[in-house]
Number of protein chains: 4
Amino acid sequence: MDSRRKFIQQSSALGLSHLLLPSFLAKASTKENTPSSKWADGSRLVVSISMQFESGGEPENAESPFPQNLEKGYRDLPAKTWYEYGYKEGIPRMLDNWDRLGVKVTSHMVGTAVLKNPQLASEIVERGHEAAAHGMNWSSQYNLPYEQEKKFIKDGVDAIKNITGFNAIGYNANWLRRGENTLSILQELGFKYHIDDLSRDEPFVIKVNQKDFAVVPYTLRNNDILLIEGKNFSTNQFFNQVKAEFDQLYFESQFKRRMLSISFHDRIGGTPQMVQSTYDLIKYIQSHKGVSFKRKDEIATMALNDANTIRE
Amino acid sequence: MDSRRKFIQQSSALGLSHLLLPSFLAKASTKENTPSSKWADGSRLVVSISMQFESGGEPENAESPFPQNLEKGYRDLPAKTWYEYGYKEGIPRMLDNWDRLGVKVTSHMVGTAVLKNPQLASEIVERGHEAAAHGMNWSSQYNLPYEQEKKFIKDGVDAIKNITGFNAIGYNANWLRRGENTLSILQELGFKYHIDDLSRDEPFVIKVNQKDFAVVPYTLRNNDILLIEGKNFSTNQFFNQVKAEFDQLYFESQFKRRMLSISFHDRIGGTPQMVQSTYDLIKYIQSHKGVSFKRKDEIATMALNDANTIRE
Amino acid sequence: MDSRRKFIQQSSALGLSHLLLPSFLAKASTKENTPSSKWADGSRLVVSISMQFESGGEPENAESPFPQNLEKGYRDLPAKTWYEYGYKEGIPRMLDNWDRLGVKVTSHMVGTAVLKNPQLASEIVERGHEAAAHGMNWSSQYNLPYEQEKKFIKDGVDAIKNITGFNAIGYNANWLRRGENTLSILQELGFKYHIDDLSRDEPFVIKVNQKDFAVVPYTLRNNDILLIEGKNFSTNQFFNQVKAEFDQLYFESQFKRRMLSISFHDRIGGTPQMVQSTYDLIKYIQSHKGVSFKRKDEIATMALNDANTIRE
Amino acid sequence: MDSRRKFIQQSSALGLSHLLLPSFLAKASTKENTPSSKWADGSRLVVSISMQFESGGEPENAESPFPQNLEKGYRDLPAKTWYEYGYKEGIPRMLDNWDRLGVKVTSHMVGTAVLKNPQLASEIVERGHEAAAHGMNWSSQYNLPYEQEKKFIKDGVDAIKNITGFNAIGYNANWLRRGENTLSILQELGFKYHIDDLSRDEPFVIKVNQKDFAVVPYTLRNNDILLIEGKNFSTNQFFNQVKAEFDQLYFESQFKRRMLSISFHDRIGGTPQMVQSTYDLIKYIQSHKGVSFKRKDEIATMALNDANTIRE
């Protein structure tokens, strides 16, 4: 029994179990390589926001809040306008909101969405946000042969580069569903990180092709797509849930490195009701000391350069 | 880089990124033809309410909150009474509520519902609301041949005209699902606008048969049918969500033209709990300066006559 | 144009449309036979509570919150204990709650549930509540031939009579699904009312076999089964929604007869969380003047004897 | 008619029905063998918390919040990281939370999850919590032949014993689905209690193989898996619902023995938002006098040794 456990058991015997047992101690026993340090730049808690840029790149008759009972051979015209909202209202509104709040975000961009609305893609970058890759098309890649998947990824990153001038170093697969070869391809193509992992509340480093590769975990529970999606959660439920998430992570960040990830999609997170709730949420978070908002490329770089980062 | 972007980047560099960057500036860069002006009549924000009049026109054994497991060959008798509620309680209660609140709304009417309850259809018009068309029957039209679809639309508008005396100039397709010919037929038949589009938070003008045609966007997210439908949202979730929508649009309306669309259906929005929540919601909205409630025919006319309206 | 409409239009022209237009006026135009009077006994608003007594009578492997993936040939043992909760905890807890609150309710009883727990069925009656019929078995009747359906109903009412001594005069079909013959059979068997109708917020009288028969409408929206059912609504959503329903009906009851119907099922409405919310809800309702809580047999009798009741 | 009923009816006649009729009286009439005493150790209310330790033991491509549309022959890589979260973040975070709050819980452990993360399994026990059995694999057992089921259970309990040193005496079947032989096997193997029963809000004793066996009822309604599961409930709905549950049971505990059961799963209840809500919930509960938090082995032992425990 190590000394920490002895301390815990003695505390318990002495009726001291109500004393705070910090998380970094708890973790130390199960993961000997887990560092107790915080962020290299002195941040107490890092918040990472995603703004997915996908609309305009959706396939014909993509799933939407409309009933999925369209007869074969017809186009789902109202569903198309639901997607158009993403670039006509959603992204511009969110861009204004980030500026009001003074935060920079990461925008994973579907290649075809970039080609459809090049000015908007460029504006995202010009306003200081990170462009990251999200595949050439809005489709699965886990089931593609190696070379086809490589082209699928490379075409997407090239589209972003050509239109916005930004060299994407981060990746997100459709519905997070990477295949067995994806990480190897990403490493080959010069990517520095991916986000298709939900396993931790902080970034970590893995070995891909014998080299370091960063994982900046994504989120489903602080994500408009699962929460809102037409009718699951109202926006104030979203607000309350992510606020609770922040409160706990902020508490834990006294003792160890913590990251809060929040995700929005153009046609969902860009509605007035969601932007209003997001504004209130970010203002609440910003009222706490030591919180910094960072793009995922900054987070990945910081994690890769820090010996205290978890390495799996 | 245009001057707006320079301003944004400099502000950012100077730590001024917390300053408000108004939406109309943001939009200007991506849509050069987007006007920065507000409403022609001086309104700061326009609110458009729909009250769908459909019950009584539903097909035999239409979907309802009851389990969809009825054996073939039987009538769903309790589901029928769920629809009857729409004209026996729902519409009368909403009509009283609109009068209490002093607002006029747009009622898209299914032709067979009008024929089933002619007095109620007439009363809607006599109390100052707009009658708009919603097809002769409660059924799809996107899959009809041109002439059949034209008859389907014309029969509905004739039913409204014959019963209420109102000449409908606005259209809404079943579940918003227009077909490839719908707009052309509407233009032919003398309609001025349709609502089967979710792409913007303001009206806009398109060309149909080389002539102007107005689009007054509908809503799914401020719509009782998706939110309530038996069990998705409670009425206070609906209230909170639409309140957040208003708050954001009211903020944006300082800088550009904005419209809030809210939709109700006879058998859902007409329940006591929904009418109570709607009353509180409208009272909250009315406590803000510069907000006007308009029928969609007024909105369409104003948009068509205004050179600053977005033209796609 | 009748004088009410003239008044409405003149008020509108004079900017008086914000004045209250009471519901009874609004209804008068569409239903000439709608009375403006309130309840015969002077109540301003009547509240009717259902407490369904069904558990113990459920079929083998009845639907429950457990995943519906049980292999054929096995019994769903945990689901059975979910139902047992209905009579071991749910009904006893609700009975205590009704006594704390001083209200009497209507309990629709499945025949086999009564036979399974005769003492509990008797206790419901002995504590002053109404026993009403709900079929001999927990199964559909709309698809039964006339004589079989008659036996199905009669066996259920006999079970109640034999066990509790109560002569049931009210009926509720499984999932409200009566068939084409049900009302005729009920009239033949001496029933005075049924509840399988959602069309109004007050009782009304219909002709069955040329004789008066009362309809005391049920509710889905103030009903634990649709709202809670494992995971749709939390109990405070239920509380808020029914509170909003009451507020509106209480407002309307100034002008016309109104009834609030609320429904609970043994295994759902009888949980501690639901009983706590119900207690708060009823206390809130009881804090308003002129509200009376009545059993459905009392409501039906009052409606049948009152010339001002709506007759369809 | 017994004297209690006479009292109830007389109270009613005298207008005293608003007086409190305590639950233990109400129950006495229907279950003559129901004791009115409270807990043997003087607790007014006992709270039992479950922390299911299952992640790492899940089958390939187990169900998750991701769309269930993966093509055959591929691994669901992001879903796997959703499960990893359970042992990398969820259990460590909950362990810290229990220590902050000073409560001990019961952890039902899947055998393969224990083998996958032996240090974490040991730490649960070393920090004072109960290890209970949950089958060798994450799979159904109700459909296994007697000897196979016996091996399935025994292998799981052996894995726990070998890794943690704890001798599990409590059992929980996958999705609570025990088979016809399960209880007999558990008795044979030396178990003292099982939890796969939802029928009561207090423990009770049954006869298995002619010997006493305790049932410590589980919960679905105070359980993160049904309430949260990606998108059903927000965490504040969970908080409010379990708070209402506590309030009612605390009220009832004046008169009779009551137990509140709350359940968490590593990958769901271990998220920051759920741990934050749980912290607030437990603090609220702890602010009430007479409440004690107990492991299920303690509860089972107390129930078995107490003549006043319900015996079915």
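Work out the length of the dipole vector of the range B:158-312 about its Cα centre, built from +1 on the beta-carbon of each Lys and Arg and -1 on the beta-carbon of each Asp and Glu, and round it to the nearest 20 debye.
So the magnitude is around 180 debye.
Using a Gaussian network model on chain D with a 10 Å cutoff between Cα atoms, which of D:PRO272, D:PRO65, D:PRO217 fluctuates the most?
Maximum fluctuation in the GNM of chain D, among the listed residues, is at D:PRO65.
Could you work out the Rg to Rh ratio of the range D:173-238, with Rh taken as the Kirkwood radius (inverse of the mean 1/r over all Cα pairs)?
Rounded to two decimals, Rg over Rh is 1.10.
Please report, for D:ARG44, the nm distances (one decimal) from its label point, 7 Å out from Cα along the beta-carbon direction, to the equivalent points in the remaining copies, shortest first.
Reported distances to equivalent positions: 3.7, 3.7, 5.2 nm.
Between copies, how far does the label point of D:LEU304 sit from its twins, in nm, shortest first, when each point is 7 Å from Cα along Cα→Cβ?
For D:LEU304, the other copies' label points sit at 5.9, 5.9, 8.3 nm, shortest first.
Dipole of the range D:36-123 (Lys/Arg Cβ +1, Asp/Glu Cβ -1, origin at the Cα centre): which of D:GLY86, D:GLN52, D:SER64 lies farthest to the positive side?
D:GLN52
Counting Lys and Arg as +1 and Asp and Glu as -1, what is the net charge of the other residues whose Cβ lies under 11 Å from the Cβ of D:HIS129?
-1
What number, rounded to the nearest 500 deg cm²/dmol, is the helix-based mean residue ellipticity at 222 nm of chain C, given -39500 (n - 2.57) per DSSP H run of at least four residues and division by all its residues?
-12000 deg cm²/dmol
Quick one: of the DSSP bridges fully inside the protein assembly as shown, what percent are antiparallel, nearest 5?
If I count the DSSP bridges inside the protein assembly as shown, around 15 percent turn out antiparallel.
Can you work out ³J(HN,Hα) from phi for every residue in the range C:70-79, in order, using Karplus 6.51 cos²θ - 1.76 cosθ + 1.60 and θ = phi - 60°, giving whole Hz and x for Gly and Pro?
5, 5, 4, x, 10, 8, 8, 5, x, 4
In terms of modelled amide H atoms, which long-range or inter-chain residues lie less than 5 Å from the amide H of A:LEU198?
Under 5 Å from the amide H of A:LEU198 lie the amide H atoms of D:THR81, D:TRP82, each far enough along the sequence or on another chain.
Using each residue's phi in the range A:118-124, evaluate 6.51 cos²θ - 1.76 cosθ + 1.60 at θ = phi - 60° and report the 3J(HN,Hα) Karplus result to the nearest Hz, with x for Gly and Pro.
Values, residue by residue: x, 5, 5, 4, 5, 4, 3 Hz.
How long are the semi-axes of the equivalent ellipsoid of the protein assembly as shown, defined as square roots of 5 times the Cα gyration tensor eigenvalues? Whole Å, largest first.
47, 47, 26
Percent relative contact order of the range A:61-171, based on C-alpha pairs within less than 8 angstrom and at least six residues apart?
About 23 percent, as a whole number.
Which residues' amide hydrogens lie under 5 Å from the amide hydrogen of B:VAL47, considering only partners 5 or more residues apart or on another chain, with H built in the peptide plane?
B:LEU260, B:SER292, B:PHE293, B:LYS294
Hey, what did chain B get for relative contact order, percent, Cα under 8 Å, at least 6 apart?
Dividing the mean separation by the residue count of chain B yields 27 percent.
I want the antiparallel fraction of DSSP beta bridges within the range C:193-312, as a percent rounded to 5.
Percentage antiparallel, nearest 5: 50.
Specify the angular offset, from 0 to 90 degrees and rounded to the nearest 10, of the alpha carbon long axis of helix C:91-101 from the longest principal axis of the alpha carbons in chain C.
Approximately 30 degrees, to the nearest 10.
Between the label point of A:LYS151 and that of the same position in each other copy, find the distances and list them shortest first in nm, with every label point placed 7 Å from Cα along the Cα-to-C-beta direction.
Inter-copy label distances (nm, one decimal, shortest first): 5.1, 5.1, 7.2.
If a/c stays under 1.5 just call it rounded; otherwise compare a/b with b/c (prolate if a/b is bigger, oblate if not). Do that for the range D:167-312, with a ≥ b ≥ c from the square roots of the Cα gyration tensor eigenvalues. Spell out each step's value before the answer.
Numbers: a/c = 2.31, a/b = 1.42, b/c = 1.63.
Cα axes put the range D:167-312 in the oblate bin.
From the square roots a ≥ b ≥ c of the eigenvalues of the alpha-carbon gyration tensor of the range C:130-207, which class results: rounded (a/c under 1.5), prolate (a/b over b/c), or oblate?
Here the range C:130-207 falls in the oblate category.
HN-Hα J couplings of the range D:55-64 from phi, Karplus 6.51/-1.76/1.60, θ = phi - 60°, integer Hz, Gly and Pro as x?
Values per residue, Gly and Pro as x: 4, x, x, 5, x, 3, 6, 4, 4, 8 Hz.
Assuming R0 = 60 Å, can you tell me the calculated FRET efficiency for the pair B:SER287 and A:LEU115, based on Cβ-Cβ distance, to the nearest 0.05?
0.85
Might you report the magnitude of the Cβ-based charge dipole of the range C:42-198 about its Cα centre, with Lys and Arg at +1 and Asp and Glu at -1, to the nearest 20 debye?
280
Under a Cβ-only charge scheme (Lys and Arg +1, Asp and Glu -1), can you give me the dipole magnitude of the protein assembly as shown about the Cα centre, in debye to the nearest 20? Each step should come with its number before you reach the end.
Working: 156 positive and 152 negative charges, 497 e Å.
With only Lys, Arg, Asp and Glu charged at Cβ, the dipole is about 2380 debye.
Can you list the residues, at least 5 places off or on another chain, whose amide H is less than 5 Å from the amide H of C:SER263, using H built in the peptide plane?
HN-HN under 5 Å from C:SER263: C:SER50, C:ASN223, C:ASP224.
Could you give the C-alpha radius of gyration of chain A expressed as a fraction of 2.2 N^0.38 Å, taking N as the number of residues it contains?
1.07
Each value in this text was obtained by applying a stated rule to the coordinates, not by laboratory testing. Keep in mind the model is a prediction, meaning the values are calculated, not measured. All Cβ positions, glycine included, derive from the backbone under ideal geometry; neighbour counts span all protein chains shown.
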